[in-house]
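Worksheet: the structure to be examined is printed underneath.
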Amino acid sequence: MTDQLAKKSEAWSARFSEPVSELVKRYTASVSFDLRLALADIEGSLAHAAMLHAVGLLGDADHAAIVRGMATIRGEIERGEFTWSIDLEDVHLNIEKRLTELAGDAGKRLHTARSRNDQVATDIRLWLRAAIDDVRGALAALQRALVGLAETHAGTIMPGFTHLQVAQPVTFGHHLLAYVEMFARDAERLADCRRRVNRLPLGAAALAGTSYPIDRERVARALGFEGLCENSLDAVSDRDFAIEFCAAASLVMVHVSRLSEELILWMSPRVGFIDLADRFCTGSSIMPQKKNPDVPELARGKSGRVFGHLVGLLTLMKGQPLAYNKDNQEDKEPLFDTADTLLETLRIFTDMVAGIQVRPERMRRAAAEGFSTATDLADYLVRKGLPFRDAHEAVARAVRSAAERGVDLSEMPLDALREFSPLIDADVAAVLTLEGSVAARDHVGGTAPRQVRAAIARHRARLSAEPGGDAPSGSVEA
Ligand code: ARG
């Protein structure tokens with residue numbers, strides 16, 4: 001190792017007459033966070049080295065030394081023995097320096113036909129691809145938990161709300177499946193995003209490509225990329241794939257946040273539809289009776305940081321001229337935090353949803369209280385020949401009268417109901433029950449228990465093709 005290599009900032013120091021100040025060094029270094037890319041960096045470097053070897057730019061001995069050196073480095077990183085140095089700025093220079101210590105000149109040959117610009121773009125894509133797969137697994141697991149609870153409660157009746165006012169009875173299973181649909185679309189968006197993440201920037205070099213006879217397709221195949229980021233200027237500079245991931249992640253968090261809001265509401269003693277297992281709640285240091293739904297509240301709050309990361313990355317990108325600019329170093333922390341937040345939230349929700357204790361009697365009582373079968377009475381009159389608008393009017397008057405008497409429609413004497421329409425007969429009783437109401441909505445996407453069970457079967461079939469939620473993590477990460 002030469003003296004020059006041992007010095008800090010050895011990658012470019014020959015051009016400079018003085019070292020950067022300590023402050024600037026700390027300001028510009030990224031190793032404290034981009035070390036998470038270490039295993040992706042090694043994977044990318046090995047594919048690059050194999051290509052250089054295959055096209056005759058790297059001899060057998062040098063290639064073998066690089067492969068051996070990288071295996072050593074990987075072991076050091078995995079065992080937590082690798083010494084990361086801020087003097088070496090980022091993950092790429094840290095690993096390259098160590099490789100050169102281990103493999104001598106072979107280490108210095110690795111950077112032939114490559115720049116940190118295409119290197120870092122490749123690393124992020126490898127890392128994000130694995131993160132997307134983890135998130136998709138976690139999303140599938142959460143959907144399975146929701147489907148399981150929906151099956152138990154395919155026939156459990158609760159009030160459905162609009163404007164947070166009791167609207168019509170629905171089944172709790174049906175309500176839960178609404179979230180399954182949301183998360184299913186989120187999974188689709190992530191799968192779609194993955195296709196654009198999964199392209200190879202390497203070969204773009206600094207910005208213009210390289211004068212060496214490289215084989216980009218070979219590197220792409222070795223790394224499992226589906227294609228190339230073709231234009232070299234675009235390859236090293238755009239981070240739209242990361243923005244796209246954060247946008248998809250933001251929608252996941254929107255859905256998580258809506259579910260959180262409902263769980264919090266349902267758990268409020270005033271509503272009392274559900275109880276969350278104690279391990280997801282905390283008490284109060286002053287009020288002994290409290291059991292607070294901390295986990296959903298925190299998830300609702302964490303949606304804010306994920307949206308923030310999306311806006312941060314959009315802003316990071318918007319003013320940049322082509323090609324690579326150091327601004328892009330700021331892409332990593334938001335991206336990492338987005339993936340971490342998403343994964344942790346989805347995993348904790350899977351556990352929490354599976355352990356929800358439901359209080360069907362509370363749900364039922366609430367559904368029975370708000371004249372939730374009024375629409376059914378109107379539909380009944382329509383079936384007897386009354387125009388819908390007139391039926392609506394008649395039932396509205398009946399509801400007002402029932403409210404004045406302090407009873408539900410189903411508790412009104414038949415004679416009293418007939419005052420509002422002579423078309424009402426004894427057979428109205430079946431129509432005014434909660435069970436009759438939900439069972440009547442018996443078409444694809446309706447709330448009838450039969451339809452809920454059919455939807456569950458469709459979701460189960462779809463989810464069997466999704467990644468298993470408990471499968472070992474595929475993360476490419478230090
Ligand atoms: N740490 C840098 C980043 O994250 C790597 C690329 C540096 N390239 C450069 N020309 N300074 O973007």
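We did not get these values from a lab; they are worked out from the coordinates using the rules stated. Treat the numbers as computed from the prediction; the structure is a model and nothing was measured. Positions of Cβ are generated from backbone atoms using ideal geometry, with glycine treated the same way; all protein chains shown enter the neighbour counts.
Simple rule: put +1 on each Lys or Arg Cβ and -1 on each Asp or Glu Cβ in the range 134-267, find the dipole, and look at Gly203, Cys229, His174; the Cα lying farthest toward the positive end is Gly203. For the range 195-210 versus the range 127-181, the spacing of their alpha-carbon centroids is 40 Å. Put simply, the amide H of Ala167, placed in the peptide plane, has neighbours under 5 Å in Gly160, Phe161, Thr162, leaving out anything fewer than 5 places away on its chain.
Its Cα centre serving as origin, the chain has a Cβ charge dipole (Lys and Arg +1, Asp and Glu -1) of approximately 420 debye. When the alpha carbon coordinates of the range 178-325 are projected onto the principal axes, the ranges are 72, 29, 22 Å, largest first. All distinct Cα pairs of the range 117-163 go into the 1/r average, and the inverse of that average, the Kirkwood radius, is 14.0 Å. Applying D = kT/(6 pi eta Rh) to the range 256-332, where Rh is the Kirkwood radius over alpha-carbon pairs, T corresponds to 25 °C and eta to 0.890 mPa s, the Stokes-Einstein value obtained is 160 µm²/s.
On the principal axes of its alpha-carbon atoms, the chain has extents of 102, 52, 39 Å, going from largest to smallest. As a size descriptor, the averaged projected area of the C-alpha convex hull of the range 336-477 was calculated at 12.9 nm².
Here the chain carries DSSP beta bridges of which approximately 80% are antiparallel, counting only pairs with both residues inside.
A compact globular protein would have a Cα radius of gyration near 2.2 N^0.38 Å; the ratio found for the range 339-390 is 2.10.
Applying a threshold of 31 Å to the alpha-carbon distances of Lys97/Lys318; Lys290/Lys332; Lys97/Lys332 flags Lys97/Lys318; Lys290/Lys332 as lying beyond it. Restricted to Cα atoms, the range 121-229 shows a radius of gyration and a Dmax of 22.1, 70 angstrom. Scanning the chain for DSSP H helices at least 15 Å long along the axis (C-alpha atoms) with a Kyte-Doolittle mean no lower than -1.0 picks out 38-54, 60-78, 91-103, 116-152, 172-197, 240-267, 294-318, 332-354, 388-405, 449-464. Once the gyration tensor of the Cα atoms in the range 282-374 is diagonalised, the equivalent ellipsoid follows with semi-axes of 42, 19, 13 Å, ordered largest first.
Per-residue Cβ neighbour counts within 10 Å put Met287, Met253 in the sequence Met287, Met253, beginning with the fewest.
Taking packing as the residue-averaged number of other Cβ atoms within 10 angstrom, the listed peptides 85-98, 396-409 run from highest to lowest as 85-98, 396-409.
Expressed as a whole percent, the proportion of Cα-Cα pairs in the range 52-128 lying more than 16 Å apart is 55%. Put the Cα centre of the range 410-438 next to the Cα centre of the range 215-291 and the gap is 47 Å.
Among residues other than Arg194 with Cβ under 12 Å from its Cβ, the summed charge is +1 (Lys and Arg +1, Asp and Glu -1).
Entry for the range 364-404 at q = 0.23 Å⁻¹: log10 I(q)/I(0) = -0.72, Debye formula applied to identical alpha-carbon scatterers, no solvent contribution. Near Ser30, the amide H atoms lying under 5 Å from its own belong to Asp90; only residues 5 or more places off or on other chains count, and H is placed 1.01 Å from N.
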